[in-house]
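Peer 1: Supplied in structure tokens, the structure appears directly below.
The values are calculated or read from the model by the stated rules, or taken from the named source; none is laboratory data. Predicted model, so just to flag it, every value in this text is computed and none were measured. As a convention, Cβ positions derive from the backbone with ideal geometry for all residues, glycine included, and neighbour counts pool all protein chains shown. Side chains are part of the model used for accessible areas, which takes the heavy atoms of the whole protein and leaves out ligands, DNA and RNA. Shrake-Rupley method; radii C 1.70, N 1.55, O 1.52, S 1.80 Å.
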Amino acid sequence: TGWTQGTVAATDVNVRVFDTNIVQLAQTIVNNGANPVVIVGPGDSGSSTFMGAGGDKVTLVGLLWGGNGSGTQFVYSPLTNIEAELGPLTTH
């Protein structure tokens, strides 16, 4: 879907993966607010999620893995949780 933006609607939420018995713990939900624009679509899983850090700077905060059927809301795994499971992020 390209570059999109939304508002954090909830943090530390346990989210069931659609059509499975899998529950992802401590996830973050982002929605588009009152604006009916699509912010997530098929193929967006694995996308980096960023938070504005002032000016033209951003901070990596997690990885997107799902969204609702209308594309107006998505869920991502916070980077802190990913690093707790897999180890610290290494950059090259």
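Peer 1: Which of the following residues is within 14 Å of the chain's Cα centre (by Cα) and assigned to a strand (DSSP E or B): G46, G66? Quick ask: steps written out before the conclusion?
Peer 2: On the way: G46 fails: assigned to a strand (DSSP E or B).
After ruling out the rest, the residue left standing is G66.
Peer 1: Give all pairs with beta carbons closer than 8 Å in which a residue from the range 25-53 that is within 13 Å of G2 (Cβ to Cβ) meets a residue that is open to solvent by 80 Å² or more (accessible area, probe 1.4 Å); count only pairs at least 6 apart in sequence or on separate chains.
Peer 2: V38/T1; I39/T1; I39/Q5; V40/T1; G41/T1; D44/T1
Peer 1: So which of L89, L63 ends up being in contact with a Phe, Trp or Tyr (Cβ under 7 Å, 6 or more places away or on another chain) and without any contact (Cβ under 8 Å) to a residue 60 or more places away in the chain?
Peer 2: Matching residue, one of L89, L63: L63.
Peer 1: Could you list, in sequence order, the residues of the range 1-47 that are under 15 Å from N81 (Cβ atoms), among the hydroxyl-bearing types (S, T, Y) and open to solvent by 60 Å² or more (accessible area, probe 1.4 Å)?
Peer 2: T11
Peer 1: Within the range 69-91, how many residues turn out to be open to solvent by less than 70 Å² (accessible area, probe 1.4 Å), over 17 Å from G6 (Cα atoms) and either part of a loop (DSSP other than H, G, I, E, B) or not β-branched (V, I, T) (or both)?
Peer 2: Residues in the range 69-91 being open to solvent by less than 70 Å² (accessible area, probe 1.4 Å), over 17 Å from G6 (Cα atoms) and either part of a loop (DSSP other than H, G, I, E, B) or not β-branched (V, I, T) (or both): 4 in total.
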